[in-house]
Amino acid sequence: MIRSFVNLLKNKKKRAFAASLKLIIGYTPRNTHIYKLALSHSTLLHPNQHQKESNQRLEYLGDAILGAIVAEYLFKKFPYKEEGFLTDIRSRLVNREVLNGLAVKIGLSKMIQSLFKMPVPTRTVYGDTLEALVAAIYLDKGFQASKKFVLTKLLPHYDIEEVVQTNSNYKSIVIEWAQKSAKKIRFEIIEEVSIGIKKEFTAQVVVEEEPVCIGKGLTKKKAEQAAALKACELLRIM
């Protein structure tokens, strides 16, 4: 009888979790375990719990899936824009602060707090968990389901035109980061190639005498901005 009562309680909690999740993702999940894992950020787990039980692996997968979906969306929305423009806008749409805000808007932050019944240490937990949620949807329902979630539940919260019109000087952002971190940084043009009547430049970001990344553009300034943008992503500056 006790075992039956425990199972009944577990099933009730499972149904409640699935119902709450349905309000966020738009459908009843098949594998609730993978979603609970997605919401289990490493900073919320007990120190004795094994690292594999956190959502870090899902976060890694979700980051790639989310980036691919947004990249395809922008590729189709702006058919005549060059690669540098598309990379810039994608980075702005999926940066950590934006994802933190999206997680709050769709109610994911409340679900995390409800599941763990404790304060969330930092807002970055929300953005990380949102990426893990995208991966959970992919593993539970497939790519088309995760794509539908991103396009119908996340992208409507963006003002794409406002994002496009907002100009970001990534070189200044990287330089400011280096100054605050007391790191030596420089931008250098490492290649110049003629493409018909135009030239394409390749810029490189060097931090503490170590090459970090490169970027290409039809002017030296654009190449440096492209390299700075990649540096922002790799160094998780934004």
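Looking at SER146, is it touching a residue at least 60 places away in the same chain (Cβ under 8 Å), assigned to a helix (DSSP H, G or I) and under 26 Å from GLY217 (Cα atoms)? Steps first, please.
Details: touching a residue at least 60 places away in the same chain (Cβ under 8 Å): yes; assigned to a helix (DSSP H, G or I): yes; under 26 Å from GLY217 (Cα atoms): no.
Criteria not met by SER146.
Before we move on, is LEU37 modelled with pLDDT of 85 or more and either closer than 20 Å to LYS153 by Cβ or buried (at least 17 other Cβ atoms within 10 Å of the Cβ) (or both)? Show your work before the answer.
Numbers: modelled with pLDDT of 85 or more: yes; either closer than 20 Å to LYS153 by Cβ or buried (at least 17 other Cβ atoms within 10 Å of the Cβ) (or both): yes.
Yes.
Only residues that are in contact (Cβ under 8 Å) with a residue 12 or more places away in the chain, under 17 Å from ASP159 (Cα atoms) and either in contact with a His (Cβ under 7 Å, 6 or more places away or on another chain) or among the charged types (D, E, K, R) (or both): list them for region 61-91, please.
The answer is LYS77, ASP88, ARG90.
For (1) touching a residue at least 40 places away in the same chain (Cβ under 8 Å); (2) among the charged types (D, E, K, R), each residue gets a yes or a no:
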position: VAL125; (1), (2): yes, no
position: VAL134; (1), (2): yes, no
position: LYS141; (1), (2): yes, yes
position: HIS157; (1), (2): yes, no
position: ASN169; (1), (2): yes, no
position: VAL193; (1), (2): no, no
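State the number of residues belonging to region 176-214 that are crowded, with 18+ Cβ neighbours inside 10 Å, farther than 17 Å from ARG236 by Cβ and of a type outside the set (S, T, N, Q).
So the count comes out to 3.
Checking the structure you have, find out if any residue of region 114-131 is modelled with pLDDT under 90, in a helix (DSSP H, G or I), in contact with an Asp or Glu (Cβ under 9 Å, 6 or more places away or on another chain) and of a type in the set (Asp, Glu).
yes
Just need a number here: residues in region 17-34 that are at pLDDT 80 or above and part of a helix (DSSP H, G or I). I'd like the intermediate steps shown before the answer.
Step one: of region 17-34, the residues at pLDDT 80 or above are 18-34.
Next, from what is left, pick out any that are part of a helix (DSSP H, G or I): 18-25, 32-34.
Matching residues across region 17-34 total 11.
Which of the residues spanning region 215-238 are surrounded by fewer than 19 Cβ atoms within 10 Å (Cβ to Cβ) and in a strand (DSSP E or B)?
LYS216
The values are calculated or read from the model by the stated rules, or taken from the named source; none is laboratory data. Note that this is a predicted model, so its numbers are computed, not measured. Counting neighbours? That spans all protein chains shown, and the Cβs are built from the backbone with ideal geometry, glycine included.
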